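Trainee: Have a look at this one before I ask anything.
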Amino acid sequence: MKLLSLKVEHFRCVRQAALEFGPGLNVLHGPNDLGKSSLAAAIRAVLLLQASSREHEEFVNWNGTGVPYVELAFESEPQRIWRVRKTFGSAAQSFLDESRDGVDFHVEAKGRDVDGRLSDILQWGLAPPGGKGRPKGLPMTFLSTALLAEQDRVAAIFDQALSKDSDESGKKRLIAALQAVAEDPLYKLVLARVQERFDEAFTSNGGRRRGKNSPWVQVNEQIRQKEEYERQCSEQLQKTAAIEIELQESHRRQLERQASVETAEGIVQQMEAFYRAGRQRDEILGRLKESKARLAEISSVLQDLAQAEERRHAILLQVDDLGKRAEAARKLAAGAAQRAQAAKDEVARQQSEDRIRESLLKRTSIEKRRAELEAEQARNATALDRIQAVETAAARVRAIEKESQELTQSVKDLEERHSQSAQALSAAGERERGLRAVAQLIRCRAARESLEKTEKGLAQVNVWREEAARRRAAAVAMETALVAVALPSAALLADLRQLDQQLQIARARLDVGLHVSIRPKGGLSVTLQSDGEEPAQHDLADFPIEATASREIVIEIEDVAEITLSGGAQIARDEVERLQKRWLDEVEPALERANAVTLDHLGRMVAEAAQRSQEVQEARRAAGQLEQRAADQPDWAGQQRHRQQELASAEAALGQADRAVTEKLARELRVADLGAAEKRLETLRVETGKLVEASRKLDSELAAANALSVEKQKALAASREALLAAQSGVEGDWEVVLPRVTGRKTAIQAELIVVQKEMEALTTGTNQALTAAKKALEIAERARVAAESESAKAADELRAAERRVATSDGELAMRREAAAKLDIGAARATVEQVEGELRLVPEPQQRVTEEMLAEARAHVQSARDELRRIDDEIQAKRGALQHVGGEVAKQKADAAQEALKAAREREHFLETDYAAWDLLRTTLLDAEREEGVHLGRALGDPIARRFGELTDRRYGAIALGPDLETHAITAAGDARPVSSLSVGTRDQLSTIFRLSLAEQLQSTVMLDDQLTQSDAERMLWLRDLIRELAATIQILVFTCRPTDYLLPAEMKPTKKSEQNKPSVRSIHLAQVIERSATAQASATK
Amino acid sequence: MRPEEAQEVALKILHTADWHLGRGFPSFAEEDEIKLTRARIDAVDRLLGLAESFAVNAVLCAGDLFDDPAPTEIWWRELLRLFERRNWRDRPVFLLPGNHDPLQPESVWAEGHPFRRGLPAWVHVVDRDNFEFPLSEEAVLYGAPCRSQAGADDLASRLPRREPDDRRIRIGLVHGQTFDVAGHQTNFPIALDAAEQRGLSYLAIGDTHAFRELPPKACPAVYPGAPETTTFGEKDTGFVAVVFFPRQGRPPIIQKHPVSRWRWRDEHCRGIEELEALCKQDLKECVLRLTLTMEVNVTQMDRVEAILVELKGNDATHGKAGVLLLDRTGLELNTADTGGFDANLPDVLKSVAARLQAQGQAPEGVIARRALYHLYRTVKEARP
């Protein structure tokens, strides 16, 4: 900052003043009370005081006229010129104008904004108006105190500190200024390079660069492209994966459905077999029923014939008996008629005189008759009892026969069921044996597969071990070959190469360029050899010869002499010789040992050896990996033995079973694994158990039935014997005899009643006898009538029986004729044949109806339809898979993912790397800032140095705090407060402090008569310092003693033409200040 | 091959596949990617030269010649140019569309495509399932192309079976994965015994990038692999198969010939010595993926950075490694040891180093550690 010009009106004692400042030392001098301090105050006021501040009152012109006005132009940086215009007081106005050339200004701010902008421009630690902490009145900060100190506050700087400023701008400005001084060159260089790298990626405010050269843009674009590609590939892959999953699912369902169809078909086949067997059995049973019915029919006919024969025989017997009965009845009737006649006679007799005699005779006759009847009745009762016993026995025989027949049929049924059960058991046993064989076969197969797997594993392990051994052998061979060749180490080779290079360089130093000219004076044979090339012989006569070489020429003159001309300094030649010797000592043997021609050749050999060595390591590593891999394998040999045992065990268990048959059976049963076989076996075991249980039950039932049958047969035989025994007591057929005996019993009972009546009548008297006779007659008549009726009835019965005989004969003839046409043997044979057929067709396990069969077939069809639908689905999915890419899509997706991963890793690395540059830059700045924050350290040294020079080293270091607060000064080895210094010394220290600060800030500093207490010697030293510093900064000195600052030649005011000179400007204020009238008067007085 | 064998040869073919022309290498820097993409065309040129030097009767290219069914023009133009430079009237070349470049209407194989139209008459495209070409009176070629990028069909099953009286050398040309490679059911699976099933003397396959010869010897199925490696981890790449078919039905003799320029290496250095040793190797034709896992002090870090520049090169010099792909995430600076710093540093720089060192001690102080290295490097460069 530099002040350019000042214009003041009506300001304190100054009515008007206008002056321009030079860039260096400006000594504004004049007598006391001229207005120097007013101008200094005007400069402070225009820069620091708000125009409307109450403080303006002290600026009011002393004669009370005019409004205080100050205008100050200054340059904050090259071509940045400002002009502040302030009118103080009630009509306060402020303007800030800006210009690049100092001629054309434009208004930059007005009113209160002016002070805000000035705070920004000056950065003196003054908060803008309205800002927090800005003091009222004329605000003074550390820097404003330092740069614009008032005349009476020379040492005020010692009481100030940056920390007391109303904002940080002053401190920041100082830090920035002092850091630049403190920065190490290396630090600056490092920071510059780091900043360069930072700037590649970041903007000044730390944001990422967005331009086309920004690394972020490039990497982001790469990632974006790769993400897009990866997304496309992933979509395709997802489609592929989804379709493949669906396809696998469809395949799974297809397999399930195929199994389901096969199962359903198997069930249908089985049901069809059951159905056919059932139908066939039904048909056979139908035929059996028919044949049995036919047999029964024939048997019935024959039985009917036999029964008819028997009935005819019985009827014949009945006819015979009836004939006898008719004859007896007729006889009885005749007897009854005789008795009736006798009764009539008796009646007549009674009616005669001889009736007593007759009565006696009669009684005798009646009693005789009664006795005969009672005897007959007893015989008849006996006969009847016998017949009833026979009847009972016959009924019992019939009942037992019926039971026996039923039992026989039951036994037959049980036997048939038993036979079927046995067959079913046999079939189940067969199936179980088959299944057991299948299970063993599967175990064999599984054991064989396991064995094959272990054998493969073992073989693989052997292959790995062999390969490992081969590689180790190869490594050993290569190593042996390597050892056989004695090659130098890489370091030695490098040394040898370096030696070789040094030799070449040393030889090159001998390449100074040689030229020899030989002019013969007579005939002479000379041999010339340049730089070790082939020697050339020259026969010289009159012509001279010339030879050139880089470093050596050998001249052989016949047998006279050999002259060697070498180039280069002796030291160079010695060096070549030394190096050659070393080459021969070190390089040559190495080449010989390795059988190499050149060092390059040797280098290649070493490189190859290194390569071989690498290969040896590689081979060993590979061998190790293979061995490790082999070692990591399971114990295949142990497993192999175990599997072999398993296989042998399974083979033994399979035994001699026909494998082809068993395989076929396994296919038929669709048993593919051991689990299925075991399941089937378990099912079969359950079925067999049920069959065994049923068979056992049948056995017991059959045994019980047989036992019962035997008992029945015995009971039948006993009943038949009882019947025969009973029949032996009966004459003739009891069935024929029974009605006759019964009839006779009735007749005897009737006769006995008659006889009893007769007897009673006879006993009761004559009249009564007569009555009785009449009664007897009556009874006899009734008996006669009854006997005649009985006789007639018997005759009718006889006739009826004779008719039945006739009928029976006819029927019998017909039956005989029909029976003659029947062949019961053939019928029995048919029944047996059909029964044989039936035995061949066992009862199916399940009765299958047509409906069940139709339902099962519908199920198969449904399953087939579903399978077809799944097949179609699979075809469609395969088509879709063809469309999306399958393996190709996978490969592309893998590549895209890998590329994206790589790009992201690059981005990550880039981010890390640039974040590291950012961090490094920040850390560099932070460290430097924190180092520089202790401003006292940076500023203390130059102040102490200058103060020491001024005071002849009487004072040492000045202790300044981080915020430039003054603590103490070292004097006589002790730290002392600044206040302990004399006023003059303190003023001098203050001036040095302020000048040093202004120097660091490259800012104007204003000294308002501050060294009035200094002695001449120190004043001289201070003048030199001020004049020295004025070469780089602007210094305004307000003084009434210009000679303290100016040389005599400089005392006259600087001319306009000299005003641009930077060095010293003398301004006689009396010539530029127009004092106000009152002031003038006062001054005059 | 013994001389007498050579005399009995009835047919010689060169079998190649998986050129992947136009394949990008997006993981690499642009200049490195260009080196690698150009190398693919160079490899094709070399293999065609090999075919000439062996005077083979035919060249079979078993698919994936282009990385995409519709590659940009520069690729097919360059391939046409390679063909045009050779006037092989008696040496047919057979190009088979693979799963990367399937036979589709928009592909280079389409009849109207300028590539297809520009092919010389002796270059044949296998563009139908019943492709058959008599290579001589004694030999015949069958082929079936891929028509999509994925498929579950065994293309070898489309080749006709050998008739009982057919005594010719029968060669099949298909693209896909043999069944022994797990998890590739959708990538045109080929039965392991396809050659045997179809009665082929030789089944030329493409897809797998490694050279593989599948038994039996009498009728092998062969993958020649990619002539230039396409990614790290691929083994046995960079070859073509030159196949000699002896007369009298003897098994073919298969020779494996290198044609690649680049060797792809994966190196992991765990110490500066290993890195130094690696740098001394000849890596000029090497695509090097270098992973650094080491902790170094600033001096060593400076050496590591110098070696990396030596390997990779800079604007002024070529790197020792042909192509370098660097993973330095495991490279850590040990800030405990700042012995590399000059003891005469200005205090302010010492202070900076101390601050960064303190920050770098924390596990998350990676940026501080890097900054410390930058400080070291910058001071070193700035020192007069």
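The values are calculated or read from the model by the stated rules, or taken from the named source; none is laboratory data. Everything numeric in this text was worked out from a predicted model, so none of it was measured. Cβ sites come from the backbone with ideal geometry, for glycine too, and all protein chains shown count toward neighbours. Protein only, heavy atoms only, side chains kept; ligands, DNA and RNA dropped before computing areas. Shrake-Rupley method; radii C 1.70, N 1.55, O 1.52, S 1.80 Å.
Trainee: Kindly check whether there is at least one residue in segment A:881-890 that is at the interface with chain B (Cβ under 7 Å from one of its Cβ atoms), in contact (Cβ under 8 Å) with a residue 24 or more places away in the chain and over 15 Å from A:Ser234 (Cα atoms).
Mentor: No; the residues of segment A:881-890 include none that is at the interface with chain B (Cβ under 7 Å from one of its Cβ atoms), in contact (Cβ under 8 Å) with a residue 24 or more places away in the chain and over 15 Å from A:Ser234 (Cα atoms).
Trainee: Then there's this: Can A:Glu898 be described as within 30 Å of B:Leu290 (Cβ to Cβ), facing chain B (nearest Cβ under 8 Å) and surrounded by fewer than 22 Cβ atoms within 10 Å (Cβ to Cβ)?
Mentor: The answer is yes for A:Glu898.
Let's see how each residue does on (1) in contact with a helix residue (DSSP H, G or I) (Cβ under 7 Å, 6 or more places away or on another chain); (2) open to solvent by 40 Å² or more (accessible area, probe 1.4 Å); (3) more than 14 Å from every other protein chain (Cβ to nearest Cβ):
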{"site": "A:Ala893", "(1), (2), (3)": "yes, no, no"}
{"site": "A:Ala903", "(1), (2), (3)": "yes, no, no"}
{"site": "A:Ala915", "(1), (2), (3)": "yes, no, no"}
{"site": "A:Gly936", "(1), (2), (3)": "no, no, yes"}
{"site": "A:Asp941", "(1), (2), (3)": "no, yes, yes"}
{"site": "A:Asp963", "(1), (2), (3)": "yes, no, yes"}
{"site": "A:Ala971", "(1), (2), (3)": "no, no, yes"}
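Trainee: Which condition from (1) within 14 Å of chain B (Cβ to nearest Cβ); (2) surrounded by fewer than 18 Cβ atoms within 10 Å (Cβ to Cβ); (3) in contact with a Leu (Cβ under 9 Å, 6 or more places away or on another chain); (4) in contact (Cβ under 8 Å) with a residue 60 or more places away in the chain is the one that A:Arg921 breaks?
Mentor: With respect to (1) within 14 Å of chain B (Cβ to nearest Cβ); (2) surrounded by fewer than 18 Cβ atoms within 10 Å (Cβ to Cβ); (3) in contact with a Leu (Cβ under 9 Å, 6 or more places away or on another chain); (4) in contact (Cβ under 8 Å) with a residue 60 or more places away in the chain, A:Arg921 is out only on (2).
Trainee: Kindly check whether there is at least one residue in segment B:171-179 that is in a loop (DSSP other than H, G, I, E, B) and either on the phi < 0 side of the Ramachandran plot or outside the structural domain of B:Arg40 (by TED's automatic domain parsing) (or both).
Mentor: Yes, segment B:171-179 has at least one match.
Trainee: Would you confirm, using the coordinates I've provided, whether A:Ala863 is over 30 Å from A:Ala277 (Cα atoms) and either at the interface with chain B (Cβ under 8 Å from one of its Cβ atoms) or out of contact with any Pro (no Cβ under 7 Å at 6 or more places or on another chain) (or both)?
Mentor: For A:Ala863, the condition - over 30 Å from A:Ala277 (Cα atoms) and either at the interface with chain B (Cβ under 8 Å from one of its Cβ atoms) or out of contact with any Pro (no Cβ under 7 Å at 6 or more places or on another chain) (or both) - is not met.
Trainee: Where residues in segment B:178-196 are within 14 Å of chain A (Cβ to nearest Cβ) and in contact with a Pro (Cβ under 9 Å, 6 or more places away or on another chain), which of them is modelled with the highest pLDDT?
Mentor: For segment B:178-196, the residue satisfying everything is B:Thr178.
Trainee: What's the number of the only condition in (1) open to solvent by 50 Å² or more (accessible area, probe 1.4 Å); (2) part of a helix (DSSP H, G or I) that A:Leu191 fails to meet?
Mentor: Answer for A:Leu191: the failing condition is (1).
Trainee: Of the residues A:Val576, A:Val597, which single one is on the phi < 0 side of the Ramachandran plot and either crowded, with 18+ Cβ neighbours inside 10 Å or aromatic (Phe, Trp, Tyr) (or both)?
Mentor: From the options A:Val576, A:Val597, the qualifying one is A:Val576.
Trainee: Another one. Against the condition in the same structural domain as B:Lys12 (by TED's automatic domain parsing) and surrounded by fewer than 17 Cβ atoms within 10 Å (Cβ to Cβ), how does B:Gly233 come out, does it pass?
Mentor: Yes; evaluated as a whole, the condition is true for this residue.
Trainee: Is there any pair with a first residue in segment B:148-177 that is within 14 Å of chain A (Cβ to nearest Cβ) and a second that is open to solvent by 60 Å² or more (accessible area, probe 1.4 Å) and part of a loop (DSSP other than H, G, I, E, B) whose Cβ atoms are under 7 Å apart and which are 6 or more apart or on different chains, and what are they?
Mentor: B:Ala152/B:Gln185
Trainee: Right, next: Considering only residues that are more than 7 Å from chain A (Cβ to nearest Cβ) and charged (D, E, K, R), look in segment B:348-380 and name the one that is most open to solvent (accessible area, probe 1.4 Å).
Mentor: We begin by selecting, within segment B:348-380, every residue more than 7 Å from chain A (Cβ to nearest Cβ); these are B:350, B:353-354, B:357-365, B:369, B:372-373, B:376-377, B:380.
Narrowing further to those that are charged (D, E, K, R): B:350, B:364, B:369, B:377, B:380.
On the way: B:Lys350: 85, B:Glu364: 138, B:Arg369: 24, B:Arg377: 73, B:Lys380: 102 Å².
Checked segment B:348-380; the qualifying residue most open to solvent (accessible area, probe 1.4 Å) is B:Glu364.
Trainee: Next question, about the same structure. Do you know which residues across segment A:31-54 are over 20 Å from A:Val1005 (Cβ atoms) and either touching a helix residue (DSSP H, G or I) at 6+ places or on another chain (Cβ under 6 Å) or part of a loop (DSSP other than H, G, I, E, B) (or both)?
Mentor: The answer is A:Pro31, A:Asn32, A:Asp33, A:Leu34, A:Gly35, A:Gln50, A:Ala51, A:Ser52, A:Ser53.
Trainee: Being open to solvent by 70 Å² or more (accessible area, probe 1.4 Å) and under 15 Å from A:Ser789 (Cβ atoms) is the filter here; which residues of segment A:307-338 pass it?
Mentor: Selection gives A:Arg330, A:Lys331.
Trainee: For A:Ile753, state whether it is open to solvent by 30 Å² or more (accessible area, probe 1.4 Å) and modelled with pLDDT of 85 or more.
Mentor: Working: open to solvent by 30 Å² or more (accessible area, probe 1.4 Å): yes; modelled with pLDDT of 85 or more: yes.
In short, yes.
Trainee: Tell me which residues, restricted to segment B:237-260, are at pLDDT 95 or above and outside any strand (DSSP E or B).
Mentor: B:Thr237, B:Gly238, B:Val259, B:Ser260
Trainee: Here is a further query. Determine which single condition A:Arg208 fails, assuming it passes every other condition in (1) in contact with a helix residue (DSSP H, G or I) (Cβ under 8 Å, 6 or more places away or on another chain); (2) farther than 20 Å from B:Ala371 by Cβ; (3) charged (D, E, K, R).
Mentor: (2)
Trainee: What do you reckon, is A:Gly948 of a type in the set (Gly, Ala, Ser), open to solvent by less than 20 Å² (accessible area, probe 1.4 Å), touching a Gly at 6+ places or on another chain (Cβ under 8 Å) and closer than 18 Å to A:Glu1028 by Cβ?
Mentor: Spelling it out, A:Gly948 is indeed of a type in the set (Gly, Ala, Ser), open to solvent by less than 20 Å² (accessible area, probe 1.4 Å), touching a Gly at 6+ places or on another chain (Cβ under 8 Å) and closer than 18 Å to A:Glu1028 by Cβ.
Trainee: Could you list, ordered by first residue, the pairs with Cβ atoms under 9 Å in which the first is in segment A:1005-1034 and at positive phi and the second is assigned to a loop (DSSP other than H, G, I, E, B) and open to solvent by 20 Å² or more (accessible area, probe 1.4 Å), at least 6 apart or interchain?
Mentor: A:Asp1009/A:Cys1040; A:Asp1009/A:Arg1041
Trainee: While we're looking at this one, here's another question. Say whether the condition of being in contact with a helix residue (DSSP H, G or I) (Cβ under 6 Å, 6 or more places away or on another chain), part of a helix (DSSP H, G or I) and at the interface with chain A (Cβ under 10 Å from one of its Cβ atoms) is met by at least one residue in segment B:303-313.
Mentor: No, segment B:303-313 has no match at all.
Trainee: Among the listed residues A:Thr766, A:Thr746, A:Thr771, which satisfies the condition of being modelled with pLDDT under 80, open to solvent by 70 Å² or more (accessible area, probe 1.4 Å) and either out of contact with any strand residue (DSSP E or B) (no Cβ under 7 Å at 6 or more places or on another chain) or farther than 30 Å from A:Lys362 by Cα (or both)?
Mentor: A:Thr771
Trainee: For segment A:414-426, enumerate the residues that are free of Cβ contacts under 8 Å to residues at least 40 places away in the same chain and not polar (S, T, N, Q). Walk me through how you get there before you give the answer.
Mentor: Going through segment A:414-426, the residues free of Cβ contacts under 8 Å to residues at least 40 places away in the same chain turn out to be A:416, A:426.
Residue satisfying the conditions is A:Glu416 alone.
Trainee: Just give me the residues in segment B:52-81 being open to solvent by less than 10 Å² (accessible area, probe 1.4 Å) and in contact (Cβ under 8 Å) with a residue 60 or more places away in the chain, in sequence order.
Mentor: Within segment B:52-81, B:Val56, B:Ala58, B:Leu60, B:Cys61, B:Ala62, B:Gly63, B:Asp64 qualify.
Trainee: Looking at segment A:192-203, which of its residues are more than 9 Å from chain B (Cβ to nearest Cβ) and not polar (S, T, N, Q)?
Mentor: The answer is A:Glu196, A:Phe198, A:Asp199, A:Glu200, A:Ala201, A:Phe202.
Trainee: Now, a different point. Quick one: would you say A:Tyr955 is within 14 Å of chain B (Cβ to nearest Cβ) and either of a type in the set (Lys, Arg) or crowded, with 16+ Cβ neighbours inside 10 Å (or both)?
Mentor: Answer is no for this residue.
Trainee: So is A:Glu150 within 14 Å of another protein chain (Cβ to nearest Cβ), surrounded by 14 or more Cβ atoms within 10 Å (Cβ to Cβ) and not β-branched (Val, Ile, Thr) or not?
Mentor: So A:Glu150 does not fit the description; no.
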